[in-house]
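Below: the structure, in structure tokens.
The values are calculated or read from the model by the stated rules, or taken from the named source; none is laboratory data. Not measured: the values here are computed from a predicted model. With ideal geometry, Cβ positions are generated from the backbone for all residues, glycine too; neighbour counts draw on all protein chains shown. These accessible areas exclude ligands, DNA and RNA; they are computed on the full protein's heavy atoms, side chains included. Shrake-Rupley method; radii C 1.70, N 1.55, O 1.52, S 1.80 Å.
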Amino acid sequence: MKRLYDGSEESKTYIKWDPKFKIGIPIIDEQHEHLVNLCNDFYQSLLQNKDSESYHALVKETLEKCLDYAATHFKEEERLMLASKFSGYKQHKASHDEFTAQCMITHSTIDSLTVSEAIKFAHFLYDWINSHIAHEDRLYIPTLVEYLKEQKK
């Protein structure tokens, strides 16, 4: 995924979804794409509301949507990894837990975050999505694909 933000507020896409990042499991691909869209929404909320009195409330609301959906996605992904007996489950779940912890820290301090700090958090989201979806999630594909094939028999 490449960052498209060019420094102008008109740039609406921070993280560009690219079909080459699909892992081939429709429900997971749809959830990943939705997460990317929510992160773009978060970034746009930062840019569009940085000078408004309601900045923190709007950014908090958008961040909460991201966190809620990430929790839903992680639960589904972890369920599939356990069902397929993916050997890297513990490490993968630890990555999810670290992400969640960082997000919760940001959420708990959102009322005092500066725009600069919030944009740094958006960069964290970008980096995490890029490394996790593009690389770490690929590790469970063979195990999960085999499991799903067995389920269809």
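Some values worked out for this structure:
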| quantity | calculated |
| --- | --- |
| Only one of Leu148, Leu139, Leu144, Leu125 that is open to solvent by 90 Å² or more (accessible area, probe 1.4 Å), among the aliphatic types (A, V, I, L, M) and either touching a Leu at 6+ places or on another chain (Cβ under 7 Å) or part of a helix (DSSP H, G or I) (or both) | Leu139 |
| Residue count, the stretch 106-122 (criterion: touching a helix residue (DSSP H, G or I) at 6+ places or on another chain (Cβ under 9 Å) and open to solvent by 50 Å² or more (accessible area, probe 1.4 Å)) | 4 |
| Residue in the stretch 94-106 that is of a type in the set (D, E, K, R), modelled with pLDDT of 90 or more and either part of a helix (DSSP H, G or I) or in contact with a strand residue (DSSP E or B) (Cβ under 9 Å, 6 or more places away or on another chain) (or both) present | yes |
| In the stretch 44-70, the residues that are surrounded by 13 or more Cβ atoms within 10 Å (Cβ to Cβ), more than 21 Å from Ser112 (Cβ to Cβ) and within 11 Å of the chain's Cα centre (by Cα) | Tyr69, Ala70 |
| Residues of the stretch 26-36 satisfying the condition of being over 9 Å from Cys66 (Cα atoms) and open to solvent by 10 Å² or more (accessible area, probe 1.4 Å) | Pro26, Ile27, Asp29, Glu30, Gln31, Glu33, His34 |
| Any chance Ser131 is exposed (fewer than 15 other Cβ atoms within 10 Å of the Cβ), closer than 19 Å to Leu35 by Cβ and among the hydroxyl-bearing types (Ser, Thr, Tyr) | yes |
| Filtered residue count, the stretch 54-93, keeping only those that are farther than 26 Å from Leu148 by Cα, assigned to a helix (DSSP H, G or I) and free of Cβ contacts under 8 Å to residues at least 40 places away in the same chain | 6 |
